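The values are calculated or read from the model by the stated rules, or taken from the named source; none is laboratory data. Note that the structure is predicted; figures quoted are calculated from it, not measured. Here the Cβ positions follow ideal geometry from the backbone for every residue, glycine too, while neighbour counts run over all protein chains shown.
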Amino acid sequence: MAPKLPANVNPALFNWDGPLGLPRYDRFENKDFTPAFEYALEVHLEEIDAIADNAEPATFENVIVALELAGDALSKVARIFYNLSGSHTNDAIQALERDLAPKMAEHSSKVSMNKALFERVDTIYQQRDSLDLDPEALRVLEQHWKGFVRSGAKLNEKDQKQLAGINAKLAKLGTGFGQNILADEAEYLRLIEDEADLAGLPDFLIASMAQAAEEKGHRGKHAVTLSRSIIEPFLTFAENRELREETFKAWVSRGEGKHDNISLVADIVRLRASQAKLLGYATYADYKLEDTMAKTPANVNALLETVWEKAAAKAGKEAEDLASLIAEEGKNHAVAPWDWRYYSEKLRTERFSFDEAEVKAYFQLDKMIEAAFDTASRLFGIQFKEHESVPLWHEGAHVWEVLDKTGKRIAVFTGDYFARASKRSGAWMSGLERQHKLGDGATPIIMNTLNLAKPPNGQPVLISIDEAKTIFHEFGHALHGMLSNVRFPSVSGTSVSRDWVELPSQLYEHWLTVPENLSKYAIHHKTGEAIPDTLLKKVLNADNFNSGFDNVEFTSSALVDMAFHALDEKEAADIDPKAFQQKILDRIGMPEQITMRHATPHFAHVFSGDGYSAGYYSYMWSGVLDSDAFKAFEDAGNAFDAETAERLKKHIYSSGDSVDPEQAYIAFRGALPTPDALLEKRGLV
C-alpha cells in the first residue's frame, strides 16, 4: 500500500474518483505535476526495493505478481501527463517534459539494473518448468526475464552505468525531436489574402482554412497550416502551382530550419548503435527485431524490397500518366512532388468520374464515428453510451461508456478529433488505464486522438475517405485495448510486439468499405441521402488508384528507417543523416517526383522515442496479416459472420500478449499468410 500523500501532492492525480472512473481534470494544474512525479518515483523505488530485498524465498507471487502490481501511482500521474503533453501541451508542460525525460529513463534503469531484483526473477525463471504455471503466467514470467536481460541486467557495473547514461541521453533527445516538430507545425501559417489563390479549392477546405486563420487571429482571411487535414487537400486542389510548391516545401522541411532535428538524429543513431553493442547485438535493428514476428533485418528487408520493386515500377507508370496530363494542358514543366496530388486527383476524376470533394460530402465525422461503433456492436456485441458534461483535458474531447451485452461496463473510450496548436500531429491510440484482473482488477480507459480540420461553428465536419479510414484504424487499436481479457497488466491490450500491434487496427479498416456500412453511414450532409450505388462503386473501384505513389512514399520511409538502424557502432559514429538518407534513396532508385512519407528530420515514429525505431516496416508486416485475416469473413460470405467474429475477438482482440503472436494468428486463421494477399490488396499485382 502506498504511503499517505505528502501535503504538497495533489490527490486528484492519484485518486481517480471522477465520472466513469476518470481523473478530475478540473482539480489539478500544471504546477501539481512536479511534486506528484517526485512522490510517485520515490514510492515505486520503495516498492521495487521491497520486492528485491524480501527475505522470503523467491516465488512467482512475491516477485512477478508483485512487479505487475507495483508502480500504480507512477503509472497514474505519467499517463495523465503524457496524454496532455501530446494532446494539449503548453510551455510549462514542455519544460517539465524535457526535465522528466532523462529522469524517467534513469528511473527505469534503476529498476531494470537492480541486481538483487534480477536475481530473484532469474531464480524463478530457471525453475519455470517445475512451477506448474498456466500459459499466460509462464509467458509473463518469460517476458519479464527477457525485459530485464534486454535492459542490461546481465551487464557488469561499468557497462550498466554506461547503458543508463545512454538511455537518459536518448530520452532527452527524443523529447527534443518531438517538440521541434510541434514547434514548426504550430508556428507555420501561410495566410491567403488574394481570393484568386483559393481557385480550385472545395468549399469544405475553404471553410477549414477560414477557421484556421480565425483561430490565429486573422478573422476574415484564410490560412494554410501544416495540419495534414489542411495541407494535403490544399496540395490536391490548389490551382496556384507556386503556392503548392511553397507550402509543400514547408511541410516536408519540418525539423530542418529554426528547430533543427538533423544533429539530434545523428546523436540518436550513434547512441542506439552503442546501446545495441553493449547489449551484445551487432546493430540496433538486430536488438529491436529479436522479439518481433519478423525476427531479423533480413526478413524485414526481404518484404520491403519485394514491395518496393513492384511499387516503384507502378509509380513510374503513374508518373508518365501525370506527365501526359500536364502536356495535354499545354504546360511544359515536369512532374514535381508538389504536383503529384493535384494532377493525380484530376486523373482520378477523369478515370472514375468523381472527385474527392464529391465523395467528401457523404463522409461526416459523427456518422463515421457511429459507423465504427456500430461495426464493433455487430462484431463483438458491445454498445456505446456517450456521457456529456464530463470535465476532460480539452472541451473538444468526448467520452463514451462501453457496455457488454448485459449492460456491464467493460471500458471507457474517449475521442479527441480536432487539430490545434497544442496537439502534436498525427493520429494515435493511448490509454489512461490497462485492463487486467490482478488484485482489484482494472477497467480499461482508452483514448483516440486525431488531427482533423475544424470547420466554422454550425458547419458539418466533412472528412475524406482516407480520414475515415484513420478513424477506423485508430478505433481498431482502441478495441484492442477495450476488449482485452487477460490477467496480467504487462500483457494487456496493445502491449504486444510492434509488428503485431498494427493487425487489429489495419484489419478494422476493412469494415469501413463494406458496402452495407457505407450505404448506411455515408450520408450526404445536406440531403441526408445515402451515397449512390454508382458513386459507391466508383469509390471502391478506385481504391488502388495511385497505389504506386502510396507504396513508394511508405516503403522508402521504412527502408531508410531500417538502414539507419542496421549500422554498427563504427558506421554510426560520425554520420550525416541527410547525406545518409539521400544515399539510401539513390540506392533504391527513389523517383524524383515523390518524397518519403516521413523524411528523417520529422520522422517522429522513429526518432521521437523508440516506439517504431527499426519498426516502421510493421505496418506492412501487419498488412500481410490483415489482408489474409479479412479473407476469413469473405470466405464465410458475411463481413459480420458471428462465428468468425468470435474467433477474431478471442484470438486477436482479447488475448493481448498472453499468447505468442504466431500461435494466436494460427488459432484464428489456421495458418500464417504469404505476402500475396498484401500485394493484391495494395494493387501491386
Can we say Asp626 is of a type in the set (Asp, Glu) and either outside any helix (DSSP H, G or I) or free of Cβ contacts under 8 Å to residues at least 60 places away in the same chain (or both)? no
Inside region 128-170, can you point out the residues that are touching a residue at least 40 places away in the same chain (Cβ under 8 Å), on the phi > 0 side of the Ramachandran plot and charged (D, E, K, R)? none
Which listed residue is within 25 Å of the chain's Cα centre (by Cα) and not small (Gly, Ala, Ser), from Glu187, Glu136, Glu142: Glu187
Taking the criterion of being part of a helix (DSSP H, G or I), of a type in the set (Ser, Thr, Tyr) and under 21 Å from Trp393 (Cα atoms), would at least one residue in region 32-42 satisfy it? yes
Just checking, does region 403-415 include any residue being charged (D, E, K, R) and either in the same structural domain as Leu648 (by TED's automatic domain parsing) or within 25 Å of the chain's Cα centre (by Cα) (or both)? no
Got a sec? Which of Asn517, Asn485 is over 30 Å from Asp291 (Cβ atoms) and not assigned by TED's automatic domain parsing to the domain that holds Ser613? Asn517
Scanning region 209-258 residue by residue, the ones that are among the charged types (D, E, K, R) and under 18 Å from Ala453 (Cα atoms) total 7
Would you pick out the residues in region 652-667 that are of a type outside the set (D, E, K, R) and crowded, with 18+ Cβ neighbours inside 10 Å? Ile652, Tyr653, Ser654, Ser655, Gly656, Ser658, Val659, Pro661, Ala664, Tyr665
Checked Glu68, Glu56 against criteria (free of Cβ contacts under 8 Å to residues at least 60 places away in the same chain and within 26 Å of Gln126 (Cα to Cα)); the one match is Glu56
Yes/no for Leu138 being of a type outside the set (Val, Ile, Thr), part of a helix (DSSP H, G or I) and within 19 Å of Gly609 (Cβ to Cβ): no
Expected single match for farther than 21 Å from His436 by Cβ and surrounded by 24 or more Cβ atoms within 10 Å (Cβ to Cβ) among Phe475, Phe488 is Phe475
Among Gly623, Gly615, Gly611, Gly670, the single one that is surrounded by fewer than 18 Cβ atoms within 10 Å (Cβ to Cβ) and under 22 Å from the mean Cα position of the chain (by Cα) is Gly611
Tally time: how many residues in region 49-92 are of a type in the set (Gly, Ala, Ser), surrounded by fewer than 16 Cβ atoms within 10 Å (Cβ to Cβ) and assigned to a helix (DSSP H, G or I)? 2
Residue match in region 531-544 (condition: under 28 Å from the mean Cα position of the chain (by Cα) and on the phi > 0 side of the Ramachandran plot): no
Within region 104-127, track down each residue that is touching a residue at least 60 places away in the same chain (Cβ under 8 Å) and of a type in the set (Gly, Ala, Ser). Ala105, Ala116
Taking region 272-298, which residues are over 21 Å from Phe148 (Cβ atoms) and outside any loop (DSSP other than H, G, I, E, B)? Ala273, Ala285, Pro297, Ala298
Count of residues meeting criterion [under 15 Å from Ala614 (Cα atoms), over 24 Å from the mean Cα position of the chain (by Cα) and in contact (Cβ under 8 Å) with a residue 24 or more places away in the chain] in region 275-314: 4
All but one of (1) outside the structural domain of Ala599 (by TED's automatic domain parsing); (2) touching a helix residue (DSSP H, G or I) at 6+ places or on another chain (Cβ under 8 Å); (3) modelled with pLDDT of 95 or more hold for Asp366; state the number of the condition that does not hold. (2)
With respect to Ala101, is the statement that it is over 22 Å from Gly178 (Cβ atoms) and touching a residue at least 24 places away in the same chain (Cβ under 8 Å) true? no
Residue list for region 433-465, restricted to those being without any contact (Cβ under 8 Å) to a residue 40 or more places away in the chain and of a type in the set (Asp, Glu): Asp440
Quick check, is Arg341 touching a residue at least 24 places away in the same chain (Cβ under 8 Å) and surrounded by fewer than 19 Cβ atoms within 10 Å (Cβ to Cβ)? no
Lone unmet requirement of (1) of a type outside the set (A, V, I, L, M); (2) in a loop (DSSP other than H, G, I, E, B); (3) surrounded by fewer than 16 Cβ atoms within 10 Å (Cβ to Cβ) for Thr595: (3)
